[in-house]
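The values are calculated or read from the model by the stated rules, or taken from the named source; none is laboratory data. Just so we're clear, the structure is a prediction, and the values are computed from it rather than from any experiment. Here the Cβ is made from the backbone with ideal geometry for all residues, glycine too, and neighbour counts use every protein chain on show. We work out accessible area using only protein heavy atoms, side chains counted, and drop any ligands, DNA or RNA first. Shrake-Rupley method; radii C 1.70, N 1.55, O 1.52, S 1.80 Å.
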6 protein chains.
Amino acid sequence: MDRSVFLEDLDAFTYRQALASRDAVVLIPVGSLEQHGPHLPLGTDTILSTEFAAAVAQRLGAFVAQPISYGYKSQQKSGGGNHLSGTTSLDGASLIAMARNLVKSFLSQGVRHVVFINGHFENYQFLYEGIDLALEDMRIGPGAEESVLLLSYWDFVTQETLAQVYPDGFPGWEIEHGGVLETSLMLHLDPPRVAMDRLVDGPAAILPRFDRLPVMPERTPATGCLSSAAGSSASKGALLHGQVVDDLVADLAAELACERAGVPA
Amino acid sequence: MDRSVFLEDLDAFTYRQALASRDAVVLIPVGSLEQHGPHLPLGTDTILSTEFAAAVAQRLGAFVAQPISYGYKSQQKSGGGNHLSGTTSLDGASLIAMARNLVKSFLSQGVRHVVFINGHFENYQFLYEGIDLALEDMRIGPGAEESVLLLSYWDFVTQETLAQVYPDGFPGWEIEHGGVLETSLMLHLDPPRVAMDRLVDGPAAILPRFDRLPVMPERTPATGCLSSAAGSSASKGALLHGQVVDDLVADLAAELACERAGVPA
Amino acid sequence: MDRSVFLEDLDAFTYRQALASRDAVVLIPVGSLEQHGPHLPLGTDTILSTEFAAAVAQRLGAFVAQPISYGYKSQQKSGGGNHLSGTTSLDGASLIAMARNLVKSFLSQGVRHVVFINGHFENYQFLYEGIDLALEDMRIGPGAEESVLLLSYWDFVTQETLAQVYPDGFPGWEIEHGGVLETSLMLHLDPPRVAMDRLVDGPAAILPRFDRLPVMPERTPATGCLSSAAGSSASKGALLHGQVVDDLVADLAAELACERAGVPA
Amino acid sequence: MDRSVFLEDLDAFTYRQALASRDAVVLIPVGSLEQHGPHLPLGTDTILSTEFAAAVAQRLGAFVAQPISYGYKSQQKSGGGNHLSGTTSLDGASLIAMARNLVKSFLSQGVRHVVFINGHFENYQFLYEGIDLALEDMRIGPGAEESVLLLSYWDFVTQETLAQVYPDGFPGWEIEHGGVLETSLMLHLDPPRVAMDRLVDGPAAILPRFDRLPVMPERTPATGCLSSAAGSSASKGALLHGQVVDDLVADLAAELACERAGVPA
Amino acid sequence: MDRSVFLEDLDAFTYRQALASRDAVVLIPVGSLEQHGPHLPLGTDTILSTEFAAAVAQRLGAFVAQPISYGYKSQQKSGGGNHLSGTTSLDGASLIAMARNLVKSFLSQGVRHVVFINGHFENYQFLYEGIDLALEDMRIGPGAEESVLLLSYWDFVTQETLAQVYPDGFPGWEIEHGGVLETSLMLHLDPPRVAMDRLVDGPAAILPRFDRLPVMPERTPATGCLSSAAGSSASKGALLHGQVVDDLVADLAAELACERAGVPA
Amino acid sequence: MDRSVFLEDLDAFTYRQALASRDAVVLIPVGSLEQHGPHLPLGTDTILSTEFAAAVAQRLGAFVAQPISYGYKSQQKSGGGNHLSGTTSLDGASLIAMARNLVKSFLSQGVRHVVFINGHFENYQFLYEGIDLALEDMRIGPGAEESVLLLSYWDFVTQETLAQVYPDGFPGWEIEHGGVLETSLMLHLDPPRVAMDRLVDGPAAILPRFDRLPVMPERTPATGCLSSAAGSSASKGALLHGQVVDDLVADLAAELACERAGVPA
């Protein structure tokens, strides 16, 4: 991976030149430190959102900021629950504050567009609120030149891709935790951090139509995964990654009117 | 409607007797004050969540608390956007605080189970956070006798019901704002507050796969509805209401081990 | 009651027409869910503030927003104390946030004047703070066209009315909790929700000149009322209601320079 | 004044001996930095509450903590308004936090009773909230040995005293801002800080029955006082001071079961 | 000490005249209520910062506001630790809020420059944050006429002075708690509040290079002082005080371009 | 670098085994995204604190959590100021919240000791506050088995090392921003991210003894560095790194009574 898109690696003067020469776009990956079963690392959500951000940034000429590496509390119906060891989470106010501060800080520097690339289901609304409060603080409303986008990468998976990745039918996004999608992507993007020999097959979790707190721990499968990762493969990961990156690049380029770099004719 | 389930109507002594005699369940409807197009009232979400709560409460012997009548900011992809006049919203911290205070206050009084019945898409995660913080404050964890449930009523609509209500295919929950589901329910439950002659037909909104802030107002249809309410009917509303109430009663009774009142053999 | 003053009942387009055609005034009732003795319902404060708001709105051509149905913690010297079951309260920060959000949301929509009609003694300062912070957020200072008013309805009871309602002398506002004023108003406005046969007579509570926390529960009379409601009547309620509404209408019309609707010549 | 009651003057070892030998009581004066007309200093509220605390402490064997010298925003109906130069105020959250922190800090050290002696009308509810939150944090509820009291010193002025101080009738507490009560007390307790030659006589302010924000500055008299201080005297101040201190000592001694020191037989 | 520099003593009209006639500077002393060993009073930090502020104000024609008398939690490595009785502290949010409110309040009144004179090591960063947030609230950025300065008085002690005060070598600022500097200053400025006969000599505390929480109480010397005050004298205090005041006056006069009053030619 | 110490890379089951088998220690690096002149990358503080944490963890058998990659606002006297592009910062409340959440989350999982390794001067007090609040939340006080340590790595540089690294005298920690220490460490640990050819030599910044806000931008040298990095070398970096890691390992091992792994006899 060409690291030059990462703000962490740039010196301030190089960065300022870029700010001065074009409408700068900063992508902020958001993940979690969360159990993902016996076969995936705790950092899966952060790793994947960072990978998507890096791939998109390279084609858009955007920057990638340091990820938000801790996410909102894992919920039992989408991540197994926050009671599981290894899952290390922030409360809502912290995540709101983080997003609010970063938006304000980047836009104040002259960044034109900030894009949050989310990889942890539970984060979404808190990021949204942080963005909205930042714009209120800065009095940025409709018609402004600046914008902030928020998306979860799985919202860009098409039906066609889903049909190929889940030939027996897609179980639903909420229980895609440690399942075929995340595992395939990791096999494609970061195979040393996947332990396929530790994968445990089994039926998908059946969870109630409500959230209950405190959780009843026995409702989460022993693996911590909500659906089986059996059937995952690096080639499915490549398919998912390629299609999602293509769509992200297309949508962001259109929305932000930024030039695409490195896109073959 | 038999108003006796509403806490607002009870005196403190009658309420205390009930608390002493059984495992008390309090249902809290949560809605919004939000534009719902030209044919539905601003209070639609609160009206519907209160109706569901009342119907469930009567069959479970539960109480209904005063609704949370203002919701989280309307988002463009699920409610048209918070920039639209008539939409009067709370920020995330306020909604979190509201849920947190109510949970603590009811559980401290001896209520055993609190159930939030949500009717406004954007509220969910903030209610969840409020509940979680309240239980942390009270040191209530797994194994406790108390519990708090959170649900959106549409999560209890079955595939069978959807197929009947949307014979041409279901457009998705996020754009069910001022559409067939809400309109049919209002026609069944509160027809004087629906103005079918003002209903405007048209295609469903096509919104991007990301959220953008500040919003581009032109992306919201002029009606403020995200999908057409054409095809709504009181009979569809009756079907939806009946099925959802039945399922809510069944699930809550099982979960809370509370006796069902008034259920015919 | 003509419900057309309630925002809950209006559709967004009708509401927007009104905003465009005149200086719109929105009244926000504020109450509580609080024990009011054995003869009055828990919702008494919300019911009464809503009734006053509705009556005033009809004569001023104003709107009535959804009430703030939960109030600040009941204090022993003015409401018996927050330890009493049935009393379900918000902390100060929540109530401040609620008022702040609503003021900002209504003024941003183009509402010119917001008026809080308070019916729960303990709320006042927190509402004041919420209003002040909202105006600071919006940079609205002296000389602005917008204004926000805050009042408790009992501050509009005249000495003449008091003399008629309390022929033996007025015991003071702080201990008017579940007493003659609230009971008479409820008998006039909402008799089905009053149980006069459950009323318990007795001397007024004698409370210290300081607040003590934690409370000594034995200082609150067993009824939860701080003064006796004996002597209440619907006719006293009619007198109170009529005089207060007249004075509210007169003062608000003068202050807000809004036209009075439906006032006989 | 014997300064030995002030914590500021004590060394930690002397203080700890006192904590170990008796049920320690700490009095916390609360005031403001607020305009009080042309004849009284900005520190009037802090000076007076500190004087009352010191006098009470000497007779009860209590300690006096550093005052809270800044108060909640001056309101037009009770202090002339927060827009007036010289008035330097805290928002509600700050004052709540201050009270909450001090209660927790003192009770954690082994102090048994904390008493807030308030001298600024607008502070009361925020202090109450801070106390309540501190006790919730510490899980101190009814039946605990610790207690926290809150009072405004003018609530201890008796009808008899009022009749003597205001021979023409008492104008009401809310407009006692820079008036006869405060001026007389200052003349008795701290005459060098009163400039009677600068006193401006005039009618009491006539303020509406509601609060309006933003304020209309012209509603506050040019002096900033809400009632005239004409008729103030050191002897009235001595009467007020003596009676209030006697009553405070009597009530606190009874409530806290602390021994009175230095009370003549 | 000429008390006329203290805002507490001024009436609002005199203060406003000063605001109108020159670029007003307000100095805010910040201290703590904190154990300072057996020989110094709990109020040492507040007393000293107030003394420095008063001396500087007299020479600069500035005002001195009421001190912030409670400081951030004492840390074991700089103040012995917050577990010690007598030490009565605020959390970070409270101190941030206090500074933020005071800056906003003074600048809004027309004060041109606010200077915090800090006397308690642990306060610094929280004051800084409060100042920064206030300026963000008020949209005051580089180039503005207003400014806020923050300093700890010991940062103005020169190497020459240190060499005279600590002939055997300076032990470092962090452990100057209850040591020679503070004791000498108190002996010079406020001798009745120092009990030299209670002074305990001994070696300086040896504390780890990290902070540990919860503290290990045995790491703090029994006296609560981190270095010995043996060798303190009023003459050292006079030297320290004179040099620091001279330097403060010189630096502030240059920075704020305010006229120095009373400086001999 | 053996990545196995990083939680990001571990699966939840491996991590849980470790928690069960020994007193687990988690190190949390804390840095910033901050301009560091033309020759060092924006991520310098995070890179260095992570490197120290990794080296220490390998020898102590500890884990390294995801870094806190954004720090408190850069201050002009220690980091050049927060107005400089590239510097992307959090406010105090956000950083406090982050530390508080992480401490609570890790200790709740059964981690015994948490150690924050700080690499950005301005962070320290906010991290301290977050830790203190977390322990208060969890009621962990003196005598508990758990502990949280906080340190900045440069506090472990000895006088001997300083003398070697700065043969002409050490300029002080506050202006070590982009200077010899950070540059030498980067040259040793991560040379590809250093651009020595871009280094600009010059005198150290001379900054006032107070902080001023808003900043006067011209007081920061054009490079953004507060002292020159001329004289930096990889060998100095190796010396600094080796000595600091040795001392950190020794001190933490002693304090936490954890076994050292991989230390040659």
Self-check item: Karplus (6.51, -1.76, 1.60) ³J(HN,Hα), θ = phi - 60°, over segment A:35-42, in Hz, Gly and Pro reported as x
Solution: 4, 10, x, x, 10, 10, x, 4
Quiz item: Which residues does a label at B:S4 reach in segment C:37-57, if reach means a backbone N under 19 Å from a point 7 Å past the Cα toward the Cβ?
Solution: C:38-43
Quiz item: Computed over the Cα atoms of segment B:78-198, what is the convex hull's projected area averaged over all directions, in nm²?
Solution: 10.1 nm²
Self-check item: Coarse-grained scattering of segment D:29-123 at q = 0.10, 0.25 Å⁻¹, given as base-10 log I(q)/I(0) from a Debye sum over alpha-carbon atoms
Solution: -0.28, -1.26
Quiz item: Counting only the heavy atoms of the protein chains, how much of D:C225 is accessible to a 1.4 Å probe, in Å² to the nearest 10?
Solution: 10 Å²
Self-check item: FRET efficiency, A:A222 to D:A144 (Cβ-Cβ, R0 51 Å, nearest 0.05)
Solution: 0.70
Quiz item: Say the dipole of chain D comes from +1 at the beta carbon of Lys and Arg and -1 at that of Asp and Glu; which of D:M196, D:L84, D:I96 then lies farthest toward its positive end?
Solution: D:L84
Quiz item: Using only helices, what value at 222 nm comes out for chain B when you add -39,500 (n - 2.57) per DSSP H run of length 4 or more and divide by the total residues, to the nearest 500 deg cm²/dmol?
Solution: -12500 deg cm²/dmol
Quiz prompt | Relative contact order (%) - chain F, alpha-carbon pairs under 8 angstrom, separation at least six | solution = 23 percent
Exercise. Sort all Cα-Cα distances of segment B:135-193 into consecutive 5 angstrom bins from zero, then give the percent of pairs in each bin up to the one containing the longest distance.
Key: 4, 13, 20, 17, 11, 8, 7, 13, 8, 1
Quiz item: Mean Kyte-Doolittle of at least 0.0 and a Cα length of 27 Å or more along the axis: which whole DSSP H helices of chain B meet both?
Solution: B:234-256
Practice problem: Report, for C:S4, each distance to the same residue's label point in the other copies, shortest first and in nm; define the point 7 Å along Cα→Cβ. | Solution: 3.7, 6.9, 6.9, 7.8, 7.9
Practice problem: Starting from the Cα gyration tensor of segment E:149-265, multiply each eigenvalue by 5, take the square root, and state the resulting semi-axes largest first in whole Å. | Solution: 30, 18, 13
Self-check item: Projected-area mean, segment D:1-46, by convex hull of Cα positions, square nanometres
Solution: 4.4 nm²
Quiz item: Relative contact order for segment A:40-118 using alpha-carbon pairs under 8 Å, separation at least 6, rounded to a whole percent?
Solution: 26 percent
Quiz item: So what are the radius of gyration and Dmax for the Cα set of segment C:13-85, in Å?
Solution: 15.8, 48
Practice problem: Specify the inter-centroid distance of segment C:145-180 and segment F:134-168, based on alpha-carbon positions, in whole Å. | Solution: 61 Å
Quiz item: In percent, what relative contact order does segment E:1-159 have, based on Cα pairs under 8 Å that are 6 or more apart in sequence?
Solution: 25 percent
Self-check item: Estimated FRET transfer efficiency when R0 is 51 angstrom, pair D:D155-E:S233 (beta carbons, to 0.05)
Solution: 0.55
Quiz item: Using only the Cα atoms of segment A:105-146, what do you get for the radius of gyration and for Dmax, in Å?
Solution: 11.3, 30
Exercise. Restricting to chain B, compute how many DSSP beta bridges are antiparallel as a %, nearest 5.
Key: 10 percent
Exercise. Over the residues of chain D, compute the C-alpha Rg and express it relative to 2.2 N^0.38 Å.
Key: 1.01
Quiz prompt | Accessible surface, the protein assembly as shown, averaged per residue in Å² (probe 1.4 Å) | solution = 32 Å²
Quiz prompt | Projected label distance in nm at C:A254 and A:Q164, using a 7 Å step from Cα toward the beta-carbon | solution = 7.7 nm
Exercise. Take the Cα atoms of the protein assembly as shown, find their three principal axes, and give me the spread along each one in whole Å, biggest first.
Key: 95, 90, 55
Quiz item: Using modelled backbone amide H atoms (1.01 Å from N, in-plane), which distant-in-sequence or interchain residues come within less than 5 Å of E:V115's amide H?
Solution: E:V26, E:L27, E:I28, E:L149
